[in-house]
Amino acid sequence: MRPVERELLARLDASREQSIAFFKQLLRHPSPNPPGDTRAAAAFLERALRDAGLPPKVFAPHPHMPNIVASFDGPAAGRHLVLNGHIDVFPVAAHEWNRDPWGGEIADGRIYGRGACDMKCGLASITLAFLHLHAVRRHLRGRLTYTAVSDEETFGPWGARWMFQHQRQLMLGDCLLSGEPSSPLCVRFGEKSPIWIAISVRSKGGHGAYTHTSESAIKIAGAIVTALEEVTELPVRAPDNLVAMFRDARIAAQIDEGCGVGHAQYIGRPTLNIGRMSGGLKVNVLPSACRIEADIRLPVGMTREEIRPVLANIIARFPQASWEELSPPEDVPNWSDPAGEMMQIIQDAVLALGRRRPVPVITLGATDTRLWRYAGVPAYVYGASPETMAAADENVVIADYLHILKTHVLAAARYLGTG
Amino acid sequence: MRATKSDLLAAIDRDRDEIIAFLSGFVQAKSPNPPGDTRGAIGYLTRFLEAEDLPFRLLAPEPTMPNIIGTFEGGAGRGRHLVLNGHVDVFPVDATERWAYDPWSGAIAEGKIWGRGVADMKAGTSASVFTYRYLYRVRATLKGKLTLTCVSDEETFGPWGARWLIEHEPEVLGDCCLNGEPSSPLTVRFGEKAPLWLRVTVRTAGAHGAYTHASASATKLAAEIIQQLETLTGIPTPAPPAVAKALAEGTAAMEAAMGGGAARIAQQVTLNIGRIEGGLKVNMIPGVCTFEADVRLPLGYEKEHVLPHIRAILARYPQATLEEITATKPCWCDPFGPMMGIIRANVKALRGFEPSPAVSLGGTDARLWRQRGIPAYVYGPFPTGMGSKDEAVMIDDYLHVVRTHVLSAFDYLTS
């Protein structure tokens, strides 16, 4: 371990309580999306940067959804590493939670709050990593850029996508490191691609007792939900190296340990979620309309072009139904080299910190890192366990957070080399 | 027919324009339920009753939902007590639907009267009001008593209308009840199926939309449960013998009145899923999904006949909970009782055919009398547009219902 790395780890050990407090404060600035207003949390991050002498640029094409960028250079030229996280989080159905979803409560070694996994743990980590590395920049080569964006949870137009369209030069680098949840046992190098559709069922309707006079839009919608499950059985043609990697029992076991039992099994298969189902006016009226929103995740080796006709055929069996696509615009499952340099740097850093070497993984959800991959920038993700992401009482183990912070710092320091 | 019945028919013919205009104005007195405020519609009726000098009083345990009760005695001695019943609240209107005529217009056009509530059931309630008026004028020749009840709070089976009157005012009980809910002129209803309304809530952990292995899906489970609940409709429910005989007689008329398939489902358990709501966002596995089920029980079968079947299905889904929203017992009265015979004979004389006894698929306030052992019969117009758009009643049908009610009440109180 180089002297600057030891110095960084010592700084992190000494500021342990402040690191935890910073994460807690970030959780206490609600930023649910919808509606997507991240101003309070963004202001909190901006203050931290300014106080460290790193006044950021802020771009808010949508006034409630600011995007923050800050950069510094080491004394010598070198490579350019970009750090990325998003500020918005999923919404909350408060009655489902036992703890305050915006409280940042600490109990039993865990910290609770909406966004803890996804992704304020990783966001706090890259923010503090950026500040710590800035403090030792005389030992670094090249450039480090920090990007904290809005509008990610709905893959909307005002966050990273806007930044790539309008401030592309600020976003691009030689490599991207993201703090999205991967679990500390895994490093994410690729992701599945979502396709989202809305299905609308219509029938005549009428009085609830007159079931002989009209079909039921809700009963038909229920049958469509069952029929859509067929997409999960479609055959997939994935690249050989990926197929081999995920068939390795040891790798699959560690993936399941980190990301949840069953995760490895679903990397190579399409999955179906029925995210919303809504229809009918009153209990005693035959419903004349019902709407379904479905979320399908395509593995590497399957494209939206392939699956669209399959969906069309399934839905065509129900003449009362029509459908439209709601998906974010980009189309292709994406991945970086599972044996690339930054992957190895991260794996070695984790080992040096005394934890098990993480395995490469393709996670099931999509992130903004895809935008860097489309631009040809290798992108890797290391962050918290995704186990309670989007659920009630979302939480992160504090020891994991502190470990992730150390990993981000070490990996960035090693990537940028030392003077 | 005796002379007095001819006089009654002649009076109805003479007053034809007034009777038609009355219903048109009644429809214009908006009374959607929800919210159920009927003060305008009740006021329309009380002004009429006052102008006609007819005895009545108002009872309003819920001030926005008043009820009219009026009674007079015949002058020809002791006899039977007939109660006329009709509700004045109507279904609401879906603002996104485009009607041929404004739903609150009471428009008179194309041989019909148009508007929300005209069939369900302002035509029938108007028939009750005119029956009360015409019989009051000839009360000297009547035996027994006639009571008029015009009530609120029926469309949601609420507590402030007929239910309240029956529980608190013995005056409304009587020996028989006549009601003008839409039965179509082809049938006389002697019984009705009963609603059992349930709410099922499915709760799961919920998760990110891509993590289908991490949490069961509340929406997928709800869809499965709904498909399994359909088996309710296969539970055998053979009709009690008297009912079976009446249904056999009434099959053709029921099909014509309520749509092909009506006679079969009259004696079957039916299931409607009226509402479903689940999930927050397309890309989250939902943690909650709720749906409301409207089960209709056929004559002779109470909720205990289907609840074990429902519970057995839900037992396979520990994430699901069941709540009962409302339940009533289906009930009926004698499909061949005296008033049924009177009505059938009058319609035969007026229109040349005999209406058949039939079972109502939907619920009415008539059940409240039948539950106390008081026979109640329903005869009214076609239910055209009931609960959807372009509700309307043919003028000829409306006048026929008025005539039938007037003559039948007269027969009941003179024989």
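All conditions but one from (1) touching a strand residue (DSSP E or B) at 6+ places or on another chain (Cβ under 9 Å); (2) farther than 28 Å from B:Leu146 by Cβ; (3) at pLDDT below 95 apply to B:Lys30; the one that does not is (3). Of all the listed residues (B:Gly144, B:Gly158), the sole one being surrounded by fewer than 24 Cβ atoms within 10 Å (Cβ to Cβ), assigned by TED's automatic domain parsing to the domain that holds B:Pro375 and touching a Lys or Arg at 6+ places or on another chain (Cβ under 7 Å) is B:Gly144. Going residue by residue through region B:233-246, is there one that turns out to be facing another protein chain (nearest Cβ under 10 Å) and closer than 30 Å to B:Gly36 by Cβ? No: region B:233-246 contains no residue that is facing another protein chain (nearest Cβ under 10 Å) and closer than 30 Å to B:Gly36 by Cβ.
When B:Ala223, B:Ala207, B:Ala218 are checked against the criterion of being within 11 Å of chain A (Cβ to nearest Cβ), of a type outside the set (Ser, Thr, Tyr) and free of Cβ contacts under 8 Å to residues at least 40 places away in the same chain, B:Ala223 stands alone in meeting it. Among the conditions (1) more than 8 Å from chain A (Cβ to nearest Cβ); (2) at pLDDT below 90; (3) in contact with a helix residue (DSSP H, G or I) (Cβ under 9 Å, 6 or more places away or on another chain), B:Met258 misses just one, which is (1). Being in a helix (DSSP H, G or I), more than 9 Å from chain B (Cβ to nearest Cβ) and surrounded by fewer than 16 Cβ atoms within 10 Å (Cβ to Cβ), is that true of even one residue in region A:212-224? For region A:212-224, residues in a helix (DSSP H, G or I), more than 9 Å from chain B (Cβ to nearest Cβ) and surrounded by fewer than 16 Cβ atoms within 10 Å (Cβ to Cβ): absent.
Residues that are in contact with a helix residue (DSSP H, G or I) (Cβ under 8 Å, 6 or more places away or on another chain), within 14 Å of another protein chain (Cβ to nearest Cβ) and among the β-branched types (Val, Ile, Thr) within region A:348-380 comprise A:Val361, A:Ile362, A:Thr363, listed in sequence order. For region A:358-371, the tally of residues that are at pLDDT 95 or above and either among the hydrophobic types (A, V, I, L, M, F, W, C) or loosely packed, with under 14 Cβ neighbours inside 10 Å (or both) stands at 1. Among the residues examined, A:Gly258 does not qualify as closer than 17 Å to A:Met302 by Cα and more than 9 Å from every other protein chain (Cβ to nearest Cβ). When region B:363-377 is filtered for residues that are on the phi < 0 side of the Ramachandran plot and away from chain A (no Cβ under 14 Å), the ones remaining, listed by number, are B:Asp365, B:Ala366, B:Leu368, B:Trp369, B:Arg370, B:Gln371, B:Arg372, B:Ile374, B:Pro375, B:Ala376, B:Tyr377. Annotation for region B:236-245: at least one member residue is without any contact (Cβ under 8 Å) to a residue 40 or more places away in the chain and closer than 25 Å to A:Ser216 by Cα. Applying a threshold of 9 Å to beta carbon distances and a minimum spacing of six or more residues, or different chains, the list of pairs starting in region B:46-59 at a residue that is free of Cβ contacts under 8 Å to residues at least 40 places away in the same chain and ending at one that is surrounded by 12 or more Cβ atoms within 10 Å (Cβ to Cβ) and assigned to a loop (DSSP other than H, G, I, E, B) reads B:Thr46/B:Phe56; B:Thr46/B:Pro66; B:Glu50/B:Phe56; B:Leu58/B:Pro66. Of the residues examined, B:Cys333 is not one that is of a type outside the set (D, E, K, R) and within 14 Å of chain A (Cβ to nearest Cβ). For region A:349-384, the set of residues classified as among the β-branched types (Val, Ile, Thr), in a helix (DSSP H, G or I) and out of contact with any strand residue (DSSP E or B) (no Cβ under 6 Å at 6 or more places or on another chain) consists of A:Val350 only. Within the bounds of region B:178-187, is there any residue that is away from chain A (no Cβ under 11 Å), of a type outside the set (D, E, K, R) and closer than 30 Å to A:Ile220 by Cβ? Looking through region B:178-187, at least one residue is away from chain A (no Cβ under 11 Å), of a type outside the set (D, E, K, R) and closer than 30 Å to A:Ile220 by Cβ. Scan region A:116-135 for residues that are within 14 Å of another protein chain (Cβ to nearest Cβ) and surrounded by fewer than 24 Cβ atoms within 10 Å (Cβ to Cβ) and the total you get is 0.
If you scan region A:385-400, which residues turn out to be surrounded by 24 or more Cβ atoms within 10 Å (Cβ to Cβ) and either in a helix (DSSP H, G or I) or free of Cβ contacts under 8 Å to residues at least 60 places away in the same chain (or both)? The one that is surrounded by 24 or more Cβ atoms within 10 Å (Cβ to Cβ) and either in a helix (DSSP H, G or I) or free of Cβ contacts under 8 Å to residues at least 60 places away in the same chain (or both): A:Ala391.
Yes/no per residue for (1) touching an Asp or Glu at 6+ places or on another chain (Cβ under 8 Å); (2) buried (at least 24 other Cβ atoms within 10 Å of the Cβ):
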residue	(1), (2)
A:Arg137	yes, no
A:Thr147	no, yes
A:Gln165	no, no
A:Leu170	no, no
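Within region A:84-109, which residues are touching a residue at least 60 places away in the same chain (Cβ under 8 Å) and either of a type in the set (D, E, K, R) or not assigned by TED's automatic domain parsing to the domain that holds A:Lys24 (or both)? Selection gives A:Asp88, A:Glu96, A:Arg99. Scanning region A:70-116 for residues that are touching an Asp or Glu at 6+ places or on another chain (Cβ under 8 Å), more than 29 Å from A:Val136 (Cβ to Cβ) and not in a loop (DSSP other than H, G, I, E, B) yields A:Val89, A:Tyr112. Residues that are in contact (Cβ under 8 Å) with a residue 12 or more places away in the chain, surrounded by 15 or more Cβ atoms within 10 Å (Cβ to Cβ) and among the charged types (D, E, K, R) number at least 3 in none of the strands (runs of 3 or more DSSP E) confined to region B:302-408.
The values are calculated or read from the model by the stated rules, or taken from the named source; none is laboratory data. Just so it is clear, the structure is predicted and the values come from calculations on it, not from any experiment. Positions of Cβ are backbone-derived with ideal geometry, glycine not excepted, and every protein chain shown enters the neighbour counts.
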